[in-house]
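What follows is a short report on a single structure.
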C-alpha cells in the first residue's frame with residue numbers, strides 16, 4: 001500500500017513559493033502542513049538530488065549528515081526513517097533512528113547524537129544500509145522525520161515495522177527530504 005506524501009516547501013533550501021510538492025511513498029504516513037512541517041535537509045545533497053558516493057555501498061557507506069528545524073514545542077522524541085523507494089511495495093528500510101532529542105538540530109555524517117538508538121534495517125542490521133542497487137539503476141531514498149508527542153521507549157535494534165502503528169497517534173509534525181543514487 002502506498003500513500004501520496006504532501007510536503008509544503010520541499011524545494012531549494014527547504015522552502016518553496018510554488019506550493020506543496022507530492023511524491024508517492026510506502027505506507028509510512030502522510031506529511032501535510034496541517035499538522036506542521038519540519039524542514040529536513042542535508043548539506044551533502046540538494047532535496048531530490050544525487051547522494052554523494054561516500055554515503056553509498058560504492059563509497060565508505062557512512063550515514064549522511066542531516067539537519068532539521070521547526071520542531072514544535074512539546075515534542076517528546078524525534079524519529080528518522082530512511083526508506084529505499086525502489087525496495088518493493090512497502091519500501092526497504094535503509095536506516096531507522098529513534099530517541100533523538102527534540103532540542104537536537106541534526107546528525108553528523110557517520111555519527112549519531114547522544115541517546116539516539118538505531119533500529120534494524122531491511123537487511124536485519126542496526127546501521128545505515130547505504131544506498132545501493134543494480135548498475136545503472138537510479139535508487140530513490142526518502143528520509144522521513146517525525147516529531148512525536150510521547151517517547152516510544154525504543155531500544156537498540158528496534159523493529160521499524162512495529163513502530164509504524166505508534167506513529168499515527170503520536171505524530172505532531174513531519175519532515176521529508178529525498179535523495180537519489182545511480183550506480184555506475
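The values are calculated or read from the model by the stated rules, or taken from the named source; none is laboratory data. Every value quoted in this text rests on a predicted model; they were computed, and no experiment measured them. Glycine also receives a Cβ, built like all others from the backbone with ideal geometry; neighbour counts cover every protein chain displayed.
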Checklist entry - For the range 137-145, does any single residue satisfy the condition of being assigned to a loop (DSSP other than H, G, I, E, B) and surrounded by fewer than 17 Cβ atoms within 10 Å (Cβ to Cβ)? => result yes
Next on the checklist: Just to confirm my filter: which strands (runs of 3 or more DSSP E) fall fully inside the range 46-121 and include at least 2 residues that are modelled with pLDDT under 95 and either out of contact with any helix residue (DSSP H, G or I) (no Cβ under 8 Å at 6 or more places or on another chain) or under 16 Å from residue 138 (Cβ atoms) (or both)?
Outcome noted: 77-84, 92-100
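Residues checked against (1) out of contact with any strand residue (DSSP E or B) (no Cβ under 9 Å at 6 or more places or on another chain); (2) surrounded by fewer than 21 Cβ atoms within 10 Å (Cβ to Cβ); (3) in contact (Cβ under 8 Å) with a residue 24 or more places away in the chain; (4) under 21 Å from residue 84 (Cβ atoms):
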site	(1), (2), (3), (4)
110	yes, yes, yes, yes
113	no, yes, no, no
122	no, yes, yes, yes
133	no, yes, yes, yes
149	no, yes, yes, no
156	no, yes, yes, no
159	no, yes, yes, yes
169	yes, yes, no, no
172	no, yes, yes, no
